[in-house]
1. Working out 0.36 nm times the residue gap between A:D222 and A:D106, then minus their Cα-Cα distance, what length gain in nm do you get to one decimal?
2. Using θ = phi - 60° and the Karplus relation 6.51 cos²θ - 1.76 cosθ + 1.60, list the HN-Hα couplings for the range A:7-22 in order, rounded to whole Hz, with x at every Gly or Pro.
3. Given +1 on the Cβ of Lys and Arg, -1 on the Cβ of Asp and Glu, and no further charges, what dipole in debye does the protein assembly as shown carry about its Cα centre, rounded to the nearest 20?
4. Near the amide H of A:N163, under 5 Å away, which other amide H atoms are found, from residues 5 or more places off or on another chain, if H is placed in the peptide plane?
5. Hey, how many Å between the Cα centroid of the range B:24-100 and the Cα centroid of the range B:189-253?
6. Which distances, in nm and shortest first, link the A:R318 label point to the same label point in every other copy, taking 7 Å along Cα→Cβ?
7. How charged is the neighbourhood of B:S30? Take every other residue with its Cβ under 11 Å from the Cβ of B:S30, and add Lys/Arg as +1 and Asp/Glu as -1.
8. Note down the relative contact order for chain A as a percent, whole number, built from C-alpha pairs under 8 angstrom at least six residues apart.
Protein chains: 2
Amino acid sequence: MAITIRDVAKRAGVAPSTVSRVIADNPSISEKTKNKVRTVMKEMNYFPNIYAQGLASAHSKTFGLVLPLATDAFYQNPFFPTVLRGINFEMAKHDYSILLSVGLDDDQRRKHIEKIVNGKQVEGLIFLYASKNDPLLRFAQEVNCPAVVIGSPDNTKVHYVDNDNDLIGYQATTALIQQGCQRIAYIGGDMDQFFIADRHKGYERALKDHSLAYDPKHIYNDFAFLPSDGYNLAKDTLDLENIDGMVISDELVAEGVRNYLDTQDIQDVHTITFSAYHQGNTQSMNKTSYVNLNSQIIGSRAVDILFEALEPDQASTRFIHEYVDADLHTT
Amino acid sequence: MAITIRDVAKRAGVAPSTVSRVIADNPSISEKTKNKVRTVMKEMNYFPNIYAQGLASAHSKTFGLVLPLATDAFYQNPFFPTVLRGINFEMAKHDYSILLSVGLDDDQRRKHIEKIVNGKQVEGLIFLYASKNDPLLRFAQEVNCPAVVIGSPDNTKVHYVDNDNDLIGYQATTALIQQGCQRIAYIGGDMDQFFIADRHKGYERALKDHSLAYDPKHIYNDFAFLPSDGYNLAKDTLDLENIDGMVISDELVAEGVRNYLDTQDIQDVHTITFSAYHQGNTQSMNKTSYVNLNSQIIGSRAVDILFEALEPDQASTRFIHEYVDADLHTT
DNA sequence: CTGAAAGCGCTTACAG
DNA sequence: CTGAAAGCGCTTACAG
């Protein structure tokens, strides 16, 4: 049917094994032979059968990407495409592919992962979220499948990459304090999300270090991560009279809040948020600061770590916990 | 190394070919044998090697999912996770996997697709977008790779699924007219996007059919699809004095527009938009209508069509162009 | 209803 | 620097 390595070999006047080595760019093959074989491959429009390569070499050259449930607000956030871009960038370098693992419920997702991991369709897993007591992550650990989490899971026996959310919460809050804010609110969201809770910790510590009182009334949670929610939050819930600064964990929420402030022409409230990807077009507005999370870098680092984890020469089991630097942009 | 079909066969006291047939649930194997073999497979925690299956059977059991460039505003829209949910739902039924094809530029994306298609890593492609003169789509056609587009491409020689955007543009506009609107604006966005242009056509036709004048001043384009843009559009650009209804193509933009209207307490302007997935929590507001696009169904239909296209018994080449019904919800 | 055998298209020691 | 041979772990006619 399809054209195979034998066909190429025959036409090029070499052995199939030689063609195979040319595909792998094996240094023991002479440039002359390589050129000849490559020319023939082009002529015949030859492409190696990936499944045959995978079976023979025991390398599928693909990673599984584990996404949250498809209903998750996660997908609305620029974080997702940005980190995906980073992952893709790094995988392309290594000529690896991404197999998606979604699923309508945990059971379905687990079965799928079980199948692709045990069935050797993937060499490793990238978790695009960190959640409490994740059964899928536990499974990966049980079967000893190399895995890296993007985020900070409640489980240290796994590789992960993240921003240092405690630190950036601290930095963001400190930035507002240095701009003169005294009554700073923390607009979190779901405190069950580790990054929300960690940034909150940093916020709290920053207040303390600068001798400002921590006031539970200034902590806002329990709303979804959508701009309309930010807008409505500002309109209906925030006690704007008693706030001169806000640390807003989610950038879409921050956008909604700013829209409201603009509408009401409220000019004396500073805001700072955390941005996966800073679009050039955003005019740097007055009293509007942000922390660039460099999420694309998080994605590529995750891939790098997975490749490291795949190296067989690691004497000991160790887990890489890496924090990607974020940069503060104040106005 | 890993446990294979031979190990299972030995332990179960049958031939490897029998085990293979049990895996495939081949009806020619007795229930008794099936049970015995299945028990052993469980005991030994056996999972078939997917690459070996794929190589031997010439079925990779995976489809490639072609995404737009990672920078695309597309990812911000609920359409993406919703359609992904539909795709996943349908693929899970058939026990198929999804291989992602992203890429930082067209060249990289094309090379990757070339590799996975020619290398038999995927049996078909699902395009999650329709764009003008898409080189990737053209490539799929050239190599005769089964493909289905989600959206309406400028190319009829391919399968596709979409809403009937002309029709729903018509229906949405008519709904506003029936609610008494006379000066209806069309908030589109990028007229290069086929769905924006098609809904606009329907809008224009509805006006005509109801003897309302088409006024170019009422057509708004050239802004991005983000809620903040909707808000700012309403604030700075829209001529709200002369508008009593708006057909807003993008639901996030619509959200921004409504936020602005609420703020200004403008109550006499109807809006209607198109929604990929209607969240239950949205209180049905006054003069706020929507068209449910049933995007999840679009996703599952795309998968079904791809499976149909894979059937070898199709005598003639034919292309399926399917429109998924949308439902109008007025207030 | 089941088994023995060939084959899918590669890679990789091994030998030279 | 290159080739012959075995093997990766399955599936699938073919035969009985």
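The values are calculated or read from the model by the stated rules, or taken from the named source; none is laboratory data. Computed from a predicted structure; not experimentally measured. FYI the Cβ positions are ideal-geometry reconstructions off the backbone, even for glycines, and counts take in every protein chain you see. Protein only, heavy atoms only, side chains kept; ligands, DNA and RNA dropped before computing areas. Shrake-Rupley method; radii C 1.70, N 1.55, O 1.52, S 1.80 Å.
1. On the way: separation 116, 0.36 × 116 = 41.76 nm, distance 2.37 nm.
Separation in residues times 0.36 nm, less the Cα-Cα distance, equals 39.4 nm.
2. Couplings: 4, 4, 4, 4, 4, 7, x, 10, 7, x, 4, 5, 4, 4, 5, 5 Hz.
3. On the way: 62 positive and 86 negative charges, 795 e Å.
Roughly 3820 debye for the protein assembly as shown.
4. It is A:V324, by chain and number.
5. What the calculation gives is 42 Å, centre to centre.
6. 6.4
7. Details: positive: B:R21, B:K32, B:K34, B:K36; negative: B:E31.
Net charge in that neighbourhood comes out at +3.
8. Working: 558 pairs, mean separation 57.1, N = 331.
Relative contact order comes out at 17 percent.
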